[in-house]
Each structure stands twice: as C-alpha cells, then as structure tokens.
Amino acid sequence: MERALTVAVIGSGPSGFYTAGALLGHKELTVRVDMFERLPTPWGLVRAGVAPDHPKIKSVSAMYEKTAAHERFRFFGNVELGSDVTREELVERYDAVVYAVGAQADRRLGIDGEDLPGSVSAVDFVGWYNGHPDFRDRTFDLSGRRAVVVGNGNVALDVARMLCTPADQLGQTDIADHALEALRSSSIEEVVVIGRRGAAQAAFTTAELQELSEMAGAAVEVDPDEVSEVSDHEDELGTVAKRNLVVLREYADGSATTGARRVALRFLRSPVEILGEDQVTGIVLGRNELRTDDEGRAAAVDTGARETVETGLVLRAVGYKGVQIPGVAFDESRGTIANSDGRVDGGDREYVVGWIKRGPSGIIGTNKKCAADTVKTLVTDLAEIGGGTTATDPDDVEKWLRERCPDLVDVDGWSAIDRHERARGEADGRPRVKLCDREELLAAASEV
Ligand code: NAP
C-alpha cells in the first residue's frame, strides 16, 4: 500500500482547521496532517479574536476538536515557524506545507501622534481582553471619560461593546481576568466610533450593530442628518447596508437613549492628527464628503473642515495586516502571501489559506470554502507528482521535533489545558477561566 501523504499546516485558527478537515476527509487520498502552532493553545482567532460575549461563534471550536481527534492528525503547539523550525526544514520533511498563519499585525493610520501613549491598536486590545499571552502585560488607560474608536468594521464594534458592557456581565464570559479587573474600574462613559465614509459604507454587520444596545445595554447616538439621505440611489445598496441603515435610523430616532454608557456613531470623519505631548489628549478629525471614484466606489474626500475631540484613549480598528514569512513570496501592498489559487508563487509544494491568502476579511465560515479551494489545488499538484515525495517518516519527524522543542504541546497537552481552564471557570458559571501566561499554560499542559 502506498504511504499516506504528509501535510504540515502552519497555524491552528479556522483556516488551518478547515484545511486539516478537508485533507483528512479527502475521498481518494490518505493524508496525514501535522498542525504547527506557535502558542501552546489552538483555535487562533476563535480563542484570541472572537469577543468573549460571543460564545455561540466560539462554539465552532467543537468542530475543530473533532478534527483534532482524527487518528491521522497531530498537534504540535508551542512550536514557532522561523525560530523553532524553519520553512526549509518543513518543506524537506513533508509532501506539502500550508500556511494558515492569519494576519497578525495592524494597519497603520499614518498620521502624527499615532505612536503616543494612549493611541493603541485594536489588535493589541483584542488580544489583551482575550488573554493572548503576547498581550497580557499590556495596560490601557481607562481613567478618562471618553474613548475614540477609529474604524467602521466589526472589530470597532467589538471594542466599543467591551468598553460599554457592565463588568458583571463580562464576568460571566471567558474574558481574561486581568482585563475584567481593569474594565471593572474603568471610568469610560462614552465611546465615539468614527467612520471615514458614510453610514451606507460601514463594514459593520447588522447583528453586531444591534448588539450595542441589546447586549452592551449602551445608549446609542446617531446624528439623524448623517443617516437621512445617504445616497441618491439607496435602492441599489447591498442587503447588509440597507439593513444597517434601518438600525442606524432607529438609533437616530432615539430607540436606545438610555444606558449606563453611551456609544456615539459618527460618519464622514477621518483621523487627521492625534494630539498630546507625553500622552494622547485628543484627536483632530477632518470632515469628509463622498464622491464616486473612477472604479465607481464611494470615496471619502476631505472638505477641509476640522473638529477636535478630547480623549485620552484612541483605539485604531482599521484592519489587520499579514506579516511576511522569510523565504515565502509576499505581496507587500495587500499584506498577503503571493499565490495563485492557493499555490504560493515560486514555492516548493507550499500553499496558503485564510487571511494570509485573501486578506483580512470575511467571517469564520468564509475560511471553509477558502480551505476547500486550496486543498483542491494541493491535491491536484500532488497527484501529478505521483507516488509522493521524499517526505520523512512521521515518527522520525516527531522525534526530531521533540528533541528540538522539548516543551512541545501535543493534543493531550492541549486537552489538559482545556480541562484545567474549564474547571477553573466552573465554580463561577463561566465557560472557562483562561491561563494567559505561557509558563502557566505549559505547566497545565504537563498535567496529562
Ligand atoms: P474591516 O471590516 O475591514 O473594517 C475596517 C474599517 O476600517 C473600515 O470601516 C475601513 O473603512 C476603516 N479604515 C481603514 N483604513 C482607515 C483609515 N486610514 N482611516 C479611517 N478608517 C479606516 O476590518 P475589521 O473590523 O478589522 O474586521 C476584519 C474582519 O473580521 C471583517 O471581515 C469582519 O467582519 C470580521 N469580524 C467579524 C466579527 C463578527 O462576525 N462578529 C467580529 C470581528 C471581526 P473603509 O471601508 O472606508 O476602507
């Protein structure tokens, strides 16, 4: 019998797990999948990105656990590509390598004052409240009365909701304990969310927009003038934009005027400068108008009018950006690995999936189709190569890795962490209390 093909999947978020699932379930090929993850824990943004008050979205992890239980699947956690193992070492040992590393950096605004203390990236803030070990030591000044969130995507809404939701409510979730403690003593009363284009161009989804009042219990303020006439051709807008407008107009009509805290949604404003000497004291916003550009897109154009909003905390939620892997073709302008149909340009049996393939957009489920497409390309290529490459025997790969990375966390190690965290949460009726420190995670992993 021909040996199973071996595939290394780098990254254990949704795109990595959907890739593993598609490979393991392939009807004609027998594939073994080794999943590499730089953290001791799997699930990527499902653990470290999805907001703690969205347990339903997080429940997709049950499917990933099923994949992880497959007899031809292995998890190699706490192993970092680049420092622990190199791309070349993996390419040499596997029939194929799939990069599913997501978009780990944040997009910049490119304005003065962006690096002042108090101007922070939502990527860091999200990682912090979700207990990502890299962000656990971050501190955010929540002593002012107002925060400004720049961006009109769902991450901006997540951040606004976290700042407004009463701490007792957050205390029922899997939010990191350090964040819960900080948010409990937060003085923030108002969150101003800034969109550079109009209400009809916001990247929010409707459920998330409604949650500001329904889940966070915030008063939501929208200027009626900014949502009354958004386009000469409103009937031509997409479904989500139309639904969003219904909710925004309800807010403008005063449907959510009471709440412990307030969210003000402001459109047609771009950040021009962040003010302050040693610390953010305010943000200058430029007023925009919309003009249709050459591609038919509604573009924000500066009118020259300015306004200043006083604040000590600016959260930049203007999107994620991919990070280059040394030796792998990178498209700098898009922040993605250069590829065609998931095959890495100039690669050596290397493939790409998820945000690092298509850019940081779409919901978790979008990665399923994305993974299926990449797997199709990969399988077609490997079928052409024929009887397999000179991939190393899987037992020898594991031996090599364990020697190289003595603190490697396998599926049993992760299960031990999972049990530990769930047990910690049980007494307080929380889904889990996360371990946020690498050493604590490794100690728990060794309790197998
Ligand atoms: P996003 O949806 O791409 O939104 C980015 C926002 O930043 C846009 O409003 C964009 O405006 C704005 N922006 C970009 N550059 C800017 C600049 N220089 N100045 C001012 N504004 C700027 O990104 P995201 O919020 O990070 O979300 C990433 C993906 O994850 C999205 O697909 C999102 O739906 C998904 N997500 C889903 C959920 C959920 O389902 N609950 C939660 C979180 C994230 P323009 O449109 O004008 O470019």
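The values are calculated or read from the model by the stated rules, or taken from the named source; none is laboratory data. Predicted model, so just to flag it, every value in this text is computed and none were measured. Note that we place each Cβ from the backbone using ideal geometry, even for glycine, and neighbour counts take in every protein chain shown. Remember, those area values only see protein heavy atoms, side chains included, never the ligands or the DNA or RNA. Shrake-Rupley method; radii C 1.70, N 1.55, O 1.52, S 1.80 Å.
Quick check on my filter: what residues within the stretch 144-167 are away from the ligand (no atom under 12 Å from the Cβ) and surrounded by 22 or more Cβ atoms within 10 Å (Cβ to Cβ)?
Ala147, Leu163, Cys164, Thr165
Of (1) surrounded by fewer than 22 Cβ atoms within 10 Å (Cβ to Cβ); (2) within 30 Å of Phe140 (Cα to Cα); (3) touching a residue at least 12 places away in the same chain (Cβ under 8 Å), Leu315 satisfies all except one. Which?
(1)
Would you confirm whether any residue within the stretch 248-268 is in a helix (DSSP H, G or I) and under 27 Å from the mean Cα position of the chain (by Cα)?
Yes: one or more hits.
Quick check: anything in the stretch 85-94 under 30 Å from Thr205 (Cβ atoms), touching a residue at least 60 places away in the same chain (Cβ under 8 Å) and touching a Leu at 6+ places or on another chain (Cβ under 8 Å)?
Scanning the stretch 85-94 turns up no residue that is under 30 Å from Thr205 (Cβ atoms), touching a residue at least 60 places away in the same chain (Cβ under 8 Å) and touching a Leu at 6+ places or on another chain (Cβ under 8 Å).
Okay, residues lined up against (1) more than 26 Å from Gly144 (Cβ to Cβ); (2) open to solvent by less than 20 Å² (accessible area, probe 1.4 Å); (3) at pLDDT 95 or above:
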position	(1), (2), (3)
Ser213	no, no, no
Val220	no, yes, yes
His233	yes, no, no
Thr257	no, no, no
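Answer yes or no: is there a residue in the stretch 397-406 that is outside any helix (DSSP H, G or I) and in contact with a Lys or Arg (Cβ under 7 Å, 6 or more places away or on another chain).
Taking every residue of the stretch 397-406 in turn, none turns out to be outside any helix (DSSP H, G or I) and in contact with a Lys or Arg (Cβ under 7 Å, 6 or more places away or on another chain).
Looking only at the stretch 403-434, count how many residues are free of Cβ contacts under 8 Å to residues at least 40 places away in the same chain, of a type in the set (D, E, K, R) and open to solvent by 90 Å² or more (accessible area, probe 1.4 Å).
Count: 6.
Could you go through the stretch 161-174 and let me know if any residue there is closer than 22 Å to Glu421 by Cα, without any contact (Cβ under 8 Å) to a residue 40 or more places away in the chain and not acidic (Asp, Glu).
yes
Out of the residues in the stretch 319-340 meeting the condition of being in a loop (DSSP other than H, G, I, E, B) and in contact with a Pro (Cβ under 9 Å, 6 or more places away or on another chain), tell me which one is nearest to Arg107 (Cα to Cα).
Only one residue tops the list, namely Gly319.
If only one of Asp115, Asp141, Asp124 is out of contact with any strand residue (DSSP E or B) (no Cβ under 7 Å at 6 or more places or on another chain) and either open to solvent by 70 Å² or more (accessible area, probe 1.4 Å) or touching a residue at least 24 places away in the same chain (Cβ under 8 Å) (or both), which one is it?
Every option except Asp115 fails the conditions.
Can you tell me which of Arg297, Arg291 is open to solvent by 70 Å² or more (accessible area, probe 1.4 Å), without any contact (Cβ under 8 Å) to a residue 60 or more places away in the chain and within 12 Å of the ligand (Cβ to nearest atom)?
Arg297 is the lone residue from the list that is open to solvent by 70 Å² or more (accessible area, probe 1.4 Å), without any contact (Cβ under 8 Å) to a residue 60 or more places away in the chain and within 12 Å of the ligand (Cβ to nearest atom).
Would you tally the residues in the stretch 195-215 being of a type in the set (A, V, I, L, M), free of Cβ contacts under 8 Å to residues at least 60 places away in the same chain and either away from the ligand (no atom under 11 Å from the Cβ) or in contact with a Phe, Trp or Tyr (Cβ under 8 Å, 6 or more places away or on another chain) (or both)?
1
Within 25 Å of Glu440 (Cβ to Cβ) and at pLDDT 95 or above: does that describe Gly110?
No: the conditions fail for Gly110.
For (1) away from the ligand (no atom under 16 Å from the Cβ); (2) among the small types (Gly, Ala, Ser); (3) under 18 Å from Trp400 (Cβ atoms); (4) open to solvent by 30 Å² or more (accessible area, probe 1.4 Å), each residue gets a yes or a no:
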site	(1), (2), (3), (4)
Val31	yes, no, no, no
Asp34	yes, no, yes, no
Ile57	no, no, no, yes
Ser61	no, yes, no, no
Glu71	yes, no, no, yes
Asn78	yes, no, yes, no
Ser83	yes, yes, yes, yes
Leu90	yes, no, yes, no
